[in-house]
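What follows is a single structure, written as structure tokens, with notes after it.
The values are calculated or read from the model by the stated rules, or taken from the named source; none is laboratory data. Remember, it's a predicted structure, so these values are computed and weren't measured experimentally. So basically every Cβ, Gly included, is an ideal-geometry build from the backbone, and we count neighbours across all protein chains shown.
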Amino acid sequence: MADSRISVPPETRRGEPFEVRILIRHPMETGYRTDESGQHVARNVIRRFTCRYNGAPVFAARMSSGIAANPYLRFFVTAHDSGTLDFEWVDDGGARGQARAEVKVA
Amino acid sequence: MARWWIALAAAAALCSPAASAQQRVLPRDAMRSDLEFAGADVRAMQADDIANPGFLWVERGENSWRDATSGKSCASCHGDAAVSMRGVAARYPRFDQTAGAVLDVEARVNACRVRYQALKPLERESDQILALTAYVTYQSRGMPTAASIDGPARASFERGRSFYTTRHGQMNLSCAQCHEQNWGKRLYAETISQGHGNAFPAYRLEWQTLGSLQRRIRACLFGIRAEMPRPGAPELTDMELYLAWRAQGLPLEAPGVRR
């Protein structure tokens, strides 16, 4: 299941910031809508998103109803050694998602 | 008006049948993709394969393409979609001999499922059908729209043209009144486009999801307070064919991004 798309440069330089981009499939239900029968649709947004590099947190975000469906995040990370970026997120329903990307430091 | 168009088309067909494909509603150099009427942010989103959410469906479609749980996957017959499906969507909607009707990509995918995979057809606008059609249409990205309106497809084309030029709904508007006579002008905060379908299936920001061209046509009909044919209705396929002919030469953009 394609739940996210990630872009990191194929190779980075030691100590230089590089761009990380991630697109996550999620409806980001605001909690302000009603369905066709008038019933309230419960809020379901990605509550928390974290990115770790070799285990250490490098980026985190708390999202709310103001973020559109299928959120797209872009941030910068500086690496000193080659390693792994671990992305993890959890939504209001408790569903967890994760993804991983390898980073090679030249 | 519609009758006049049909008479004109019939006369033209009698004079030179081969010329039908060359006649255009809009001259090629005046034709502009709807993308050009969108804001810079929307254009940037479409141009970036990571920021463009449509690729979530394309990726999912690639998985479905290889899914052989029914015994046969799409790939079992068609192999590598990048080769076998290149340019295919650009020729759709297309007359299908077996079905005896013009089919759009959605209907053709479903026909394949029923005929060769012994599967149930997928529901229109479901994520599964959108994923497959997005994946198949994506293989023709950048190729010019070139649907055939000759032979058995002609009747469907004529019905589509008549639908396009007929006034509909409480607002009593035809498609042509906005998209031919007034494109480029403002309708509230938006610029009226030329109404081409070359970006579909497209991710529409208003929908917060990917949608088919039929859904977009229905949205337009809703906007003019007209009756909306059900998804998959022949009227909508006729319109898709007419729009494809009208947009001939415009490159496919699927998965596009629209407001």
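Which residue, of A:R96, A:R62, is under 17 Å from the mean Cα position of the chain (by Cα), under 24 Å from B:G61 (Cα atoms) and basic (K, R)?
Among A:R96, A:R62, only A:R96 is under 17 Å from the mean Cα position of the chain (by Cα), under 24 Å from B:G61 (Cα atoms) and basic (K, R).
Within the range B:207-215, is there a residue that is touching an Asp or Glu at 6+ places or on another chain (Cβ under 7 Å), among the hydrophobic types (A, V, I, L, M, F, W, C) and either in a strand (DSSP E or B) or within 24 Å of B:Y135 (Cβ to Cβ) (or both)?
Yes; the residues of the range B:207-215 include at least one that is touching an Asp or Glu at 6+ places or on another chain (Cβ under 7 Å), among the hydrophobic types (A, V, I, L, M, F, W, C) and either in a strand (DSSP E or B) or within 24 Å of B:Y135 (Cβ to Cβ) (or both).
So which residues in the range B:231-259 are in a helix (DSSP H, G or I) and either β-branched (V, I, T) or out of contact with any His (no Cβ under 8 Å at 6 or more places or on another chain) (or both)?
B:P234, B:E235, B:L236, B:T237, B:D238, B:M239, B:E240, B:L241, B:Y242, B:A244, B:W245
Among helices (runs of 4 or more DSSP H) lying entirely in the range B:81-143, which contain 2 or more residues that are crowded, with 16+ Cβ neighbours inside 10 Å and at pLDDT 95 or above?
Those helices (runs of 4 or more DSSP H) span B:105-116, B:127-138.
From the set of residues in the range A:11-43 that are touching a Lys or Arg at 6+ places or on another chain (Cβ under 7 Å) and part of a loop (DSSP other than H, G, I, E, B), which is surrounded by the most Cβ atoms within 10 Å (Cβ to Cβ)?
A:T30
Can you name the residue in the range B:65-80 that is of a type in the set (G, A, S) and in a helix (DSSP H, G or I) and is also surrounded by the fewest Cβ atoms within 10 Å (Cβ to Cβ) among such residues?
Out of the qualifying residues, it is B:S76.
Restricting attention to the range B:228-242, report how many residues are under 10 Å from the mean Cα position of the chain (by Cα) and under 10 Å from B:I217 (Cα atoms). First the steps, then the outcome.
Restricting attention to the range B:228-242, the residues satisfying the condition of being under 10 Å from the mean Cα position of the chain (by Cα) are B:236-237, B:239-242.
Narrowing further to those that are under 10 Å from B:I217 (Cα atoms): B:236, B:239-240.
Final tally of qualifying residues: 3.
If you check B:G197, B:G223, which single one turns out to be surrounded by fewer than 21 Cβ atoms within 10 Å (Cβ to Cβ) and either of a type outside the set (F, W, Y) or within 14 Å of chain A (Cβ to nearest Cβ) (or both)?
One residue alone meets the criteria, B:G223.
Surrounded by fewer than 18 Cβ atoms within 10 Å (Cβ to Cβ), farther than 21 Å from B:A244 by Cβ, within 14 Å of another protein chain (Cβ to nearest Cβ) and not hydrophobic (A, V, I, L, M, F, W, C): is that true of B:Q208 in this structure?
Yes; evaluated as a whole, the condition is true for this residue.
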